[in-house]
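Engineer: The structure's right below; bear with me while I get my questions together.
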Amino acid sequence: MRQPRLWLALAGVAAFIGLNLLVLVRVLDLGPPQPPRKAETENDDTRPVVRVGVISRYAPRLTYDAYQPVMDYLNAAGTHRYELKLSTSYEDAAAQLERGDVSASFFGAWIYARVGPALGLVPVLAPRDGDGVATARAVLITATGSGIGSVADLRGRAVALASRNSYAANWFLSECLPGAGLLVADLDSVHHYSHHQTVVYRVRDGHHDAGVVKEDVAQRFDDGSIRIVARSDPYPGPPLVVRGDDDSPALAELIALLLALDPAEPAAARLLAGWDNEFNRGFARVDAATYAQARLLAGEVTP
Amino acid sequence: MIRRLLPHDSLRTRILLATGATITLVMMVVSWGILLQWRRTVLAKEQDYAHAVVQAFSVNALESLIAEENDLAPGEGSLEGYAADFVRQNPRLRHIVVVDADGDLIAGSAGTLPASPTTNNGGTLARPGPVSWFRNDGDRGWILETELALRTGSRHWGRVLVGIEADSVRRELLRAFLLLLGLVVAITGAMLAVLWTLLDRLLRSLRDLVGAMDRLDLGEAGLPELPPRADEIGVLFRHFQEMGQRLRRSRRELLDAREQVYHAERLAAAGRLAAGVAHEINNPINGVRNCIYAIRRDPTDTAQTLEYLGMMDEGLERAAAIVKKLLGFARKQEPARQPLELNAAIASVARLLSFDCERRRVRLDLDLAPDLPLVTGDMQLLQDVFTNLLINAVDAIGQDGAITVTSRHVDRQVRVTVADDGPGIRHEDLPRVFDPFFTTKAPGEGTGLGLSISLGIVEAHGGRIRAGSEPGGGAAFIVTLPTEDVT
Ligand SMILES: Nc1ncnc2c1ncn2[C@@H]1O[C@H](COP(=O)(O)OP(=O)(O)OP(=O)(O)O)[C@@H](O)[C@H]1O
Ligand SMILES: [Mg+2]
């Protein structure tokens with residue numbers, strides 16, 4: 001009677017200590033909560049490299065976010081390895097084209113119109129809209145209650161503009177303002193912002209009396225807080241430019257692949273849906289003539 | 001010490017063991033549940049922190065990698081400085097490492113690339129978000145490592161690997177464990193102590209009650225004292241007191257009833273005796289009167305007169321014998337009541353009869369229990385009883401035989417058996433042997449009063465006498481008398 005009970009008590013104490021030790025070990029062993037998955041080896045892409053230039057006006061990462069999907073598509077569909085090459089200025093971009101560092105480069109519409117022909121660059125593609133090339137307009141906006149009714153009312157006012165190299169900013173400075181008989185000096189101030197959206201915000205909150213942006217950006221603010229005062233003629237979108245003498249098969253493949261994207265096809269539509277707004281309807285073929293009007297406005301530089 | 005506090009088979013030990021085990025088990029399970037849940041929360045919090053750190057750092061790391069590849073402004077080593085700053089601002093960071101897509105170290109606050117399961121072959125990470133794991137890094141203790149792949153679209157730039165010390169987490173977990181364990185032990189201990197005290201009081205009360213039961217003496221005037229209490233134990237005490245009172249009352253009633261029976265029996269015995277005496281003495285008296293009548297009719301016939309006188313003498317002698325025996329019984333109407341040893345009474349009777357037995361070659365064996373309790377009664381009368389029984393046995397045997405006298409203590413009674421190997425008692429005589437004047441002996445040899453008187457004496461002592469016999473197998477007379485402590 002006495003022995004079994006004593007053993008029982010001892011077994012109980014031993015079980016208590018043992019179980020607690022087990023729990024302690026379990027609690028203190030942080031271990032991998034889930035074992036990290038074994039890394040996959042990246043297949044080293046040994047195909048020849050084709051570089052595509054982009055003039056990066058914003059943070060380089062944002063530029064990558066916008067253009068990398070296009071490269072991913074080309075990589076998957078083409079026989080080359082396509083890589084982005086960023087540059088901070090059109091001069092760099094032109095030099096890269098000249099040196100052959102890049103096979104093609106995305107230019108802004110205005111900067112191409114201004115310097116492209118002189119550098120021997122040829123536009124081959126531009127964002128598509130329906131059957132033709134997408135066109136944009138620049139608009140002069142003001143806050144709804146500003147009292148500015150026409151361009152002429154801008155005398156002595158502060159104006160916000162998009163980037164110096166943007167079509168919108170240059171349209172305002174070289175066509176809109178002179179058209180109303182005003183000079184930049186007649187304005188209180190002119191300020192450039194890198195994003196069209198920032199211009200709208202600054203005008204809306206009263207930092208500037210008026211601003212100039214692309215029309216589609218202005219249309220996104222349909223809450224009645226801004227009003228359009230003037231509108232430009234339509235101008236074509238930003239082209240992909242190449243050296244006029246480049247007839248390499250790599251470039252031909254690049255152009256063919258981009259032109260092949262037809263938003264009417266469901267597969268292509270699905271792919272395009274994930275791309276940046278600017279070119280999510282695909283690309284259309286362009287040539288120098290498409291930018292004739294723009295070249296006039298830009299005051300084309302002659303060599 | 002433990003044995004004294006917890007005797008191994010006491011009720012208290014059993015209750016304490018069972019309760020202690022149950023409480024401990026329940027508390028343990030509950031506290032483990034709490035601990036594991038809390039651990040999960042803490043680890044999740046740590047991982048969230050690690051993810052936040054790695055994500056915050058990855059923005060700059062990616063910018064730097066992109067800038068570097070495109071030969072953009074931020075120069076060589078700026079990421080290095082940024083990493084160093086980051087580690088300075090987050091004291092729990094052990095290292096920050098950035099590797100490019102080929103697995104080459106680009107920048108890092110740690111001198112060497114820490115071995116991590118995902119950096120084995122410089123491959124890309126399978127998933128987009130941060131991945132964390134805990135690792136025991138030898139001398140550097142436990143580290144929470146988090147890795148984030150740097151991507152733009154499907155382009156893989158490299159990885160950021162951040163190590164955060166996790167020893168403080170383990171210390172915190174250990175503290176929580178010890179705290180909960182201490183709580184379990186303390187609470188269990190406290191509950192057992194309370195239980196021990198309560199049980200101690202309960203058991204002490206029970207011991208008091210048992211003591212009182214042992215002290216209970218129905219002969220004494222008072223009942224054992226018990227402390228008054230208001231609880232269930234008090235109820236037990238009260239009922240015990242009431243039971244004691246009821247016992248004493250019924251004992252008194254029993255004694256009264258026995259006194260009455262005793263009186264009635266004595267009256268009945270006296271009546272039976274008187275009737276027998278009247279009858280037995282009447283016979284010789286009638287004989288004498290017949291003789292006197294015959295002598296009166298012819299007083300001259302001397303021969304006949306002498307014969308009648310002889311017959312008258314014989315009859316009177318018989319009457320005198322009867323009277324003498326009765327006188328012996330009646331000499332002491334009120335028997336003495338004193339404690340006496342029955343064995344001594346038997347032994348002295350046996351001594352007196354030993355000569356007679358020897359003469360008739362009858363062996364007399366005494367088998368007397370040594371621990372025989374005292375009985376209360378009259379030594380003289382009880383000796384008469386055994387004398388009667390032994391003489392009857394010797395008479396029945398006649399020549400050559402054995403008598404065994406046995407005394408035993410059985411159930412608060414003393415039992416004396418007188419057994420012989422004589423002819424026994426006939427079956428039809430058995431119910432009558434105790435009747436006055438029943439005898440099978442020749443006229444003039446036995447009066448038939450011996451057993452009758454013995455019965456009267458034994459019953460007057462509150463005892464019983466029985467006769468038993470197997471024909472041809474001897475006879476046995478069994479006398480039972482109450483022991484002294486009961487009367
Ligand atoms: N031990 C015995 N064995 C056989 N019969 C017995 C024994 N004891 C008694 N009896 C029978 O019981 C009868 C009655 O016995 P009891 O002692 O009363 O009278 P008694 O012995 O006949 O006469 P008394 O005792 O007056 O001399 C005896 O006559 C005998 O028949
Ligand atoms: Mg007799």
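The values are calculated or read from the model by the stated rules, or taken from the named source; none is laboratory data. Everything numeric in this text was worked out from a predicted model, so none of it was measured. Counting neighbours? That spans all protein chains shown, and the Cβs are built from the backbone with ideal geometry, glycine included. Quick note on the areas: whole protein, heavy atoms, side chains included, nothing else; ligands and nucleic acids left out. Shrake-Rupley method; radii C 1.70, N 1.55, O 1.52, S 1.80 Å.
Engineer: Taking segment A:107-125, which residues are in a helix (DSSP H, G or I), closer than 24 Å to A:ARG281 by Cβ and β-branched (Val, Ile, Thr)?
Structural biologist: Listed by number, the list holds a single entry, A:ILE111.
Engineer: Identify the single condition in (1) modelled with pLDDT of 85 or more; (2) out of contact with any Lys or Arg (no Cβ under 8 Å at 6 or more places or on another chain); (3) charged (D, E, K, R) that A:GLU42 does not satisfy, given that it satisfies every other one.
Structural biologist: The number of the failed condition is (1).
Engineer: Out of all the residues in segment A:94-103, which are assigned to a helix (DSSP H, G or I) and within 11 Å of chain B (Cβ to nearest Cβ)? Working first, answer last.
Structural biologist: Within segment A:94-103, the subset assigned to a helix (DSSP H, G or I) is A:94-99.
Matches in segment A:94-103: A:GLN96 only.
Engineer: The conditions are (1) open to solvent by 30 Å² or more (accessible area, probe 1.4 Å); (2) at pLDDT below 90; (3) not small (Gly, Ala, Ser), and B:ILE453 fails exactly one of them. Which is it?
Structural biologist: Against the list (1) open to solvent by 30 Å² or more (accessible area, probe 1.4 Å); (2) at pLDDT below 90; (3) not small (Gly, Ala, Ser), B:ILE453 comes up short only on (1).
Engineer: From the set of residues in segment B:439-454 that are within 55 Å of the chain's Cα centre (by Cα) and more than 8 Å from ligand 2 (Cβ to nearest atom), which is nearest to the other protein chains (Cβ to nearest Cβ)?
Structural biologist: Of everything passing the filter in segment B:439-454, B:SER454 is nearest to the other protein chains (Cβ to nearest Cβ).
Engineer: Would you check if there is a residue in segment A:154-162 being farther than 26 Å from A:GLY237 by Cβ, basic (Lys, Arg) and either buried (at least 16 other Cβ atoms within 10 Å of the Cβ) or at pLDDT 85 or above (or both)? Working first, answer last.
Structural biologist: Filtering segment A:154-162 down to residues farther than 26 Å from A:GLY237 by Cβ leaves A:154-158.
Subsequent filtering for residues that are basic (Lys, Arg) retains A:155, A:157.
Next, only the ones that are either buried (at least 16 other Cβ atoms within 10 Å of the Cβ) or at pLDDT 85 or above (or both) stay: A:155, A:157.
Yes, the conditions are met somewhere in segment A:154-162.
Engineer: Condition test on B:VAL416, is it within 16 Å of ligand 2 (Cβ to nearest atom) and crowded, with 16+ Cβ neighbours inside 10 Å?
Structural biologist: When the stated conditions are applied, B:VAL416 does not pass them.
Engineer: Right, here's the next one. Just to be sure I understand, how many residues within segment A:199-255 are under 28 Å from A:TYR291 (Cα atoms), without any contact (Cβ under 8 Å) to a residue 60 or more places away in the chain and crowded, with 18+ Cβ neighbours inside 10 Å?
Structural biologist: Here the count works out to 3.
Engineer: Across segment B:393-407, which residue is nearest to B:LEU455 (Cα to Cα) among those that are assigned to a helix (DSSP H, G or I) and open to solvent by less than 50 Å² (accessible area, probe 1.4 Å)?
Structural biologist: B:ALA393
Conditions tested, residue by residue: (1) within 24 Å of B:TRP32 (Cα to Cα); (2) surrounded by fewer than 13 Cβ atoms within 10 Å (Cβ to Cβ); (3) among the basic types (Lys, Arg).
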{"residue": "B:PRO130", "(1), (2), (3)": "no, no, no"}
{"residue": "B:ASP139", "(1), (2), (3)": "no, yes, no"}
{"residue": "B:LEU144", "(1), (2), (3)": "yes, no, no"}
{"residue": "B:GLU172", "(1), (2), (3)": "yes, no, no"}
{"residue": "B:VAL185", "(1), (2), (3)": "yes, no, no"}
{"residue": "B:ALA190", "(1), (2), (3)": "yes, yes, no"}
{"residue": "B:LEU195", "(1), (2), (3)": "no, no, no"}
{"residue": "B:LEU202", "(1), (2), (3)": "no, no, no"}
{"residue": "B:ARG207", "(1), (2), (3)": "no, yes, yes"}
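Engineer: Contact list please: Cβ distance under 7 Å, first residue in segment B:392-419 and under 17 Å from B:GLY473 (Cβ atoms) and within 14 Å of chain A (Cβ to nearest Cβ), second residue in a strand (DSSP E or B) and near ligand 1 (Cβ under 9 Å from one of its atoms), pairs at least six apart or on different chains.
Structural biologist: Within 7 Å, no pair qualifies.
Engineer: In addition: For the subset of segment A:51-86 comprising residues that are of a type in the set (S, T, N, Q) and not in a helix (DSSP H, G or I), which member is most open to solvent (accessible area, probe 1.4 Å)?
Structural biologist: At the first step, the residues of segment A:51-86 found to be of a type in the set (S, T, N, Q) are A:56, A:63, A:68, A:75, A:79.
Retained after the next criterion (residues that are not in a helix (DSSP H, G or I)): A:56, A:79.
Working: A:SER56: 12, A:THR79: 86 Å².
Going through the qualifying residues, I end up with A:THR79.
Engineer: Answer with yes or no whether B:PRO423 is open to solvent by 40 Å² or more (accessible area, probe 1.4 Å), within 12 Å of ligand 1 (Cβ to nearest atom), modelled with pLDDT of 90 or more and not in a strand (DSSP E or B).
Structural biologist: In short, yes.
Engineer: With respect to B:GLY377, determine if the residue is within 13 Å of ligand 1 (Cβ to nearest atom) and touching a residue at least 12 places away in the same chain (Cβ under 8 Å).
Structural biologist: Answer is no for this residue.
Engineer: Which of (1) open to solvent by 30 Å² or more (accessible area, probe 1.4 Å); (2) more than 12 Å from ligand 1 (Cβ to nearest atom) does B:SER348 not meet, given it meets every other one?
Structural biologist: The single condition B:SER348 does not satisfy is (1).
Engineer: Quick one: would you say A:LEU74 is within 7 Å of another protein chain (Cβ to nearest Cβ) and at pLDDT 85 or above?
Structural biologist: So A:LEU74 fails the test.
Engineer: Taking the options B:ASP231, B:ASP200, name whichever one is within 30 Å of B:LEU17 (Cα to Cα), touching a residue at least 40 places away in the same chain (Cβ under 8 Å) and not basic (Lys, Arg).
Structural biologist: Criteria check complete, one pass: B:ASP200.
Engineer: May I pose another question? Test of understanding: among B:LEU389, B:LEU364, which residue is outside any helix (DSSP H, G or I), closer than 21 Å to B:ARG466 by Cα, at pLDDT 90 or above and of a type in the set (A, V, I, L, M, F, W, C)?
Structural biologist: Answer to the selection: B:LEU364.
Engineer: Does segment B:441-450 contain any residue that is near ligand 1 (Cβ under 6 Å from one of its atoms), of a type in the set (Val, Ile, Thr) and closer than 16 Å to B:PRO471 by Cα?
Structural biologist: At the first step, the residues of segment B:441-450 found to be near ligand 1 (Cβ under 6 Å from one of its atoms) are B:441, B:446-450.
Then keep just the ones that are of a type in the set (Val, Ile, Thr); that gives B:447.
Applying the additional criterion that residues be closer than 16 Å to B:PRO471 by Cα yields none.
Looking through segment B:441-450, none of the residues is near ligand 1 (Cβ under 6 Å from one of its atoms), of a type in the set (Val, Ile, Thr) and closer than 16 Å to B:PRO471 by Cα.
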